[in-house]
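The values are calculated or read from the model by the stated rules, or taken from the named source; none is laboratory data. Just so we're clear, the structure is a prediction, and the values are computed from it rather than from any experiment. Ideal geometry is used to build each Cβ from the backbone, glycine not excepted, and the neighbour counts take in all protein chains shown. With ligands, DNA and RNA removed, areas are computed over all heavy atoms of the protein, side chains included. Shrake-Rupley method; radii C 1.70, N 1.55, O 1.52, S 1.80 Å.
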Amino acid sequence: MSISTMLDDLASPAEPAVPATMKAVELLAPLTPALSTLPVPGVPADGLLLKTRCVSICSTDISYFEGHLFPDVYPVILGHEYLGEVVQIGPDFDSSTPIAIGDRVVYWGQTDFGGFAEYRSVRPIFSGETKSDVYWADRYFHDDRMASAVKVPDDLDDLHASLIEPTTGALRSLLTNPPAPGDRVAILGAGPIAVIAGSVIKRLFAPHEVVCVDLNKHRNVFAKGQFADHAYVPEEFEETVPLNSIDYVFDTLPTVKVDDEDQDPRRVAMRKLAPRGKYVLYGASQEMQKFDTWLMLAKGINITAAPFDVHSFPMHRTANVIASAMHMIRSGIVDAGALQTQVCPFDDYTQLVEILRSYRSTHHMKTVIDFR
């Protein structure tokens, strides 16, 4: 062996042994999880194989679990707020970001699940790259088989790094549809995405004030500690906030069902919006929700969202957003340490299922599944 080969071997750590099978939590149907043994995915020729370190539970996971969102086929492995360690590098992998065995990577994909498993593969696009592999997703938008990604520096804790993905989602929406300086902002919901969005708005977008609305009083208290000037339960919001006094609404709510449709929080928020106010829809649901077309016409409400379609918002642009999202966490604009309030070991399957079932009623914010 030559001296140069020996030096290369010392500089590049050897690929760790990868087993043939892995444990994964599959969703067989709504409310029907299963702990399964599956083959470890192969490393893509132009991508990476990652060993899972941490995955945060997302409200989108819960919407699939409850049956408000549906995969193309069952079973599906949920989990996409993901941090993994590089264990294999494809032979055709080419990146402007140096990647080595042992590096930690977070990715953001449109509908890219598979995180509740011990391994997963990804074809990453890092900031500064313009790669793509676009396809029609059969849900009225074009998606990309590649995912935006960021290499995680050593100074960022594993548990906190898994929050880069949700911060990316919120930031995509805010950068596409920002509030104006001096706006009065209302955030519907006080869950993790609401807190992330509210923190970014409060600290970077110079609002007049930011209020939030949620049924969960524990989460309202948390939101007041993080960003909100006022936090209301829906009845208080209806009674306290004057009509036409809000300039900007950021809607993070899940599927909403109320007995009195006039008190649907989305319709209430539209009544509070000023003429030509902006209503930004963040949360996704395949169940129809109540939007008041009369108020849209009467006030000229601008209802908008960051598009899923990668022809409109390419994955290489999101690769720049995910780099900024990581900066939001490292700089403290988004307080990942406060948001991460519960850790569940992956091998505690009973607790994991209970967390999925009780997610809507818990006082916890971010629950991180720990695979380490």
Hey, among Phe371, Phe313, Phe308, which residue is aromatic (Phe, Trp, Tyr) and open to solvent by 60 Å² or more (accessible area, probe 1.4 Å)? Phe308
What tally of residues in the range 64-84 results from selecting those that are closer than 19 Å to Ala117 by Cα and open to solvent by less than 50 Å² (accessible area, probe 1.4 Å)? 12
Residues that are surrounded by fewer than 22 Cβ atoms within 10 Å (Cβ to Cβ) and in contact with a helix residue (DSSP H, G or I) (Cβ under 8 Å, 6 or more places away or on another chain): does the range 146-155 have at least one? yes
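Take the residues of the range 117-132 that are in a strand (DSSP E or B) and in contact with a helix residue (DSSP H, G or I) (Cβ under 9 Å, 6 or more places away or on another chain): which is farthest from Asp143 (Cα to Cα)?
Of the residues in the range 117-132, the ones in a strand (DSSP E or B) are 117, 119-122, 124-126.
With the extra rule that they be in contact with a helix residue (DSSP H, G or I) (Cβ under 9 Å, 6 or more places away or on another chain), the set shrinks to 124-126.
Numbers: Pro124: 14, Ile125: 14, Phe126: 17 Å.
Within the range 117-132, the match that is farthest from Asp143 (Cα to Cα) is Phe126.
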Taking the condition in a helix (DSSP H, G or I), closer than 12 Å to Thr167 by Cα and of a type in the set (S, T, N, Q), does Thr350 pass? no
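Scan Ala149, Ala170 and give me the residue that is in a strand (DSSP E or B) and not charged (D, E, K, R).
Details: Ala170 fails: in a strand (DSSP E or B).
Selected residue: Ala149, the only one of Ala149, Ala170 that is in a strand (DSSP E or B) and not charged (D, E, K, R).
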Wholly within the range 227-295, which strands (runs of 3 or more DSSP E) include no fewer than the required count, namely at least 1 residues that are touching a Cys at 6+ places or on another chain (Cβ under 8 Å)? 230-232
Listed by first then second residue, the pairs whose first member lies in the range 320-348 and is within 21 Å of Arg219 (Cα to Cα) and at pLDDT 95 or above, whose partner is small (Gly, Ala, Ser) and crowded, with 17+ Cβ neighbours inside 10 Å, with beta carbons under 7 Å and at least 6 positions apart or on separate chains, are Ile329/Ala336; Ile333/Ser199; Val334/Ser199; Asp335/Ser199
When the residues of the range 231-267 are filtered to those that are touching a helix residue (DSSP H, G or I) at 6+ places or on another chain (Cβ under 8 Å), of a type in the set (Ser, Thr, Tyr) and under 20 Å from Gly191 (Cβ atoms), which remaining residue is modelled with the highest pLDDT? Tyr232
Residue satisfying all of: in the range 85-97; polar (S, T, N, Q) and part of a loop (DSSP other than H, G, I, E, B); most open to solvent (accessible area, probe 1.4 Å) among these: Ser96
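From the list Ile193, Ile187, pick out the single residue that is open to solvent by less than 10 Å² (accessible area, probe 1.4 Å) and either modelled with pLDDT of 95 or more or not in a loop (DSSP other than H, G, I, E, B) (or both).
Details: Ile193 fails: open to solvent by less than 10 Å² (accessible area, probe 1.4 Å).
Answer to the selection: Ile187.
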